[in-house]
Every structure is written in C-alpha cells, then in structure tokens.
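Okay, structure first, notes after.
The values are calculated or read from the model by the stated rules, or taken from the named source; none is laboratory data. Quick caveat, the model's predicted, so the values are computed rather than measured. Cβ placement follows ideal geometry from the backbone for every residue including glycine, while neighbour counts extend to all protein chains displayed.
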Amino acid sequence: MMFELKNVTRRFGNKTAVDSVTLDIPQGQMVGIIGRSGAGKSTLLRMINRLQEPTSGSIHFAGVEVSSLRGQALRNWQRDCAMIFQQFNLVPRLDVLTNVMLGRLNHRSTAMSLLGIFTHQERIHAIAALERLGIEQTALQMAGTLSGGQQQRVAIARALMQNPKMVLADEPIASLDPLNAKIVMDALRDINEREGITVVTNLHTLDTARNYCERIVGMAAGRVVFDGKPSELTADAVKQIYGTDKDGAGIDETMTSTSINIPAAAAAQQSAGLQSLALAGL
C-alpha cells in the first residue's frame, strides 16, 4: 500500500509551483508538510487528490498510477483519498447530518444521490462519526450556524464516511483558535492510529508538526528541502525551509505556535513581535 510521487511537477504558465517532487509514503504514516506560503504545499495535495493535474511526473498508490485515472476510476480514487480543506467546504443550508452523509456520494447510485435518499445504515454511520468527534448534538443544525472548529469536525466526519485509504488535510487548523486546533489535530491522529489510515497534512505551525507527525516534509520554492523525523528538524533545517531575515536570523518559532500553554517569557516575546508587525503595517 505504498504511496509514491515520482518527479511530480506543476507549472502555472511560467511559474513552477511544485518542482520535481519525489516521495515514498508507507501506509499508515502521519506526515506533516511545512513551508512558507507559496512553497507548493496546497498544490501538491491537490495533485494527489487529482483536483489539479501534474504537468509532468506520476503519482502511484498500491501499484496503480492514479495520475492517469479517468472516469469512474478517478472518482473511486477521490473516494479513497479523502480531502479536508481549510475552508471546510460544507453546504451551509443543509443540516450537519446530511453534510456528513454526502461523504457517501461516490459509494451510491446517481439516482439516490440526486434525490437525497440515504439509507438507515448510512444515517447510523453518520451519527457514529459525529459522536466520535464529540459533536453529535449538532446533527440537526444547519452547518452554517456552527463555529469554525465545529465545522472542521463535521468535515472530518464527512471524510470518515468515505471509508478512505488516505486522508489529505490542507491546513485544517489555519483558521482555528488553539483549543479547536488541538481538537482537530487529535481527531486526525486518532484516525491515523486507530484505523491505520495514512494522513498527509499541510501545517503552518512547527510545534503542531513536531507534536503530531512522525515524519515532516519541508518545502521551499516548490521543492522538498527537508524530509525526516521531528527530532531532525533543527534550527538549520528550519532556516532552509523558511529562509532568514535581512540580518540572517531564522524565524522565531513562538510566532508560529498554537500552544495554549506558552511560557510567560515566550508569550511576552510573541506579544512584542505581533506589536512590531502591527506597527509595520503587516
């Protein structure tokens, strides 16, 4: 069940978003992809799910070249490779339970999907997924009335309804507060550990990547510049991924923290940094 990217490149006109990326990911790993905005992280995930096509190179899963799939075979892959987005992609005017059951669309007939007919068993599975994520009480609420953290958990429940072999999460906690970020990351880790499902997630906070992912891939300018264990993500590696400021200093990691227990000194440093950014108009 190895997942492989072989020299995958994606260009948009003269701009190369992903540049000759080669990765092998064994089944059951939890992988965090980190890097600056524009490093190619989201484009890479969207190519894996086939929401965007590679300009060159190939993508394989369990010996099948998924980058060449078409028609029903492609829809089957997008069912097996569930995608969780930063902006949730729920239907706001539908209730939570229906949004979760939409994860079954690629498992059912077109007629049943168009008519919105779901089986009793599908409803039971959807409620079980919501219970697992601690939001079963929202089942009959309109999705648009939920908080951001609740909506992201609904999106994860919908992904579970696909019975996926792989879960891709594109910056799933970028718009969440630290507590909800922890809840969402705990849920993704639970899926990885309990079902043995491969999870690949783009993250913008280094502490989250270190705490939750057994493997970290760092991207810069579309290329993989780091691939290793969290313990190997040294200050020099971080500089290679994120670059340095005009004085040659690396980034202050407290500025990229989601911790809800930041030490007082670090909190003061973070506050001062945020004030400096505000004064600079950033």
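Observations on the structure shown:
- Residues of the stretch 1-41 classified as out of contact with any helix residue (DSSP H, G or I) (no Cβ under 9 Å at 6 or more places or on another chain), among the β-branched types (Val, Ile, Thr) and over 18 Å from Ile191 (Cα atoms), total: 3
- Within the stretch 133-145, none of the residues are modelled with pLDDT of 90 or more and under 10 Å from Met161 (Cα atoms).
- Residues being assigned to a strand (DSSP E or B), touching a residue at least 24 places away in the same chain (Cβ under 8 Å), under 17 Å from Leu168 (Cα atoms) and more than 17 Å from the chain's Cα centre (by Cα) are represented in the stretch 47-60 by at least one member.
- Candidate set: the stretch 162-175, residues that are under 15 Å from Gln151 (Cα atoms) and not in a strand (DSSP E or B); chosen: the one farthest from the chain's Cα centre (by Cα): Ser175
- Filtering the stretch 176-223 to residues that are in a loop (DSSP other than H, G, I, E, B) and buried (at least 16 other Cβ atoms within 10 Å of the Cβ) leaves Leu176, Ile197, Leu203, His204, Thr205, Cys213, Gly222.
- Candidate set: the stretch 61-79, residues that are assigned to a helix (DSSP H, G or I) and touching a strand residue (DSSP E or B) at 6+ places or on another chain (Cβ under 7 Å); chosen: the one surrounded by the most Cβ atoms within 10 Å (Cβ to Cβ): Val66
- Candidates in the stretch 11-33 are the residues that are of a type in the set (S, T, N, Q) and not in a strand (DSSP E or B); of these, the one that is surrounded by the fewest Cβ atoms within 10 Å (Cβ to Cβ) is Asn14.
- Candidates Ser175, Ser147, filtered to the one that is hydroxyl-bearing (Ser, Thr, Tyr) and in the same structural domain as Gly32 (by TED's automatic domain parsing): Ser175
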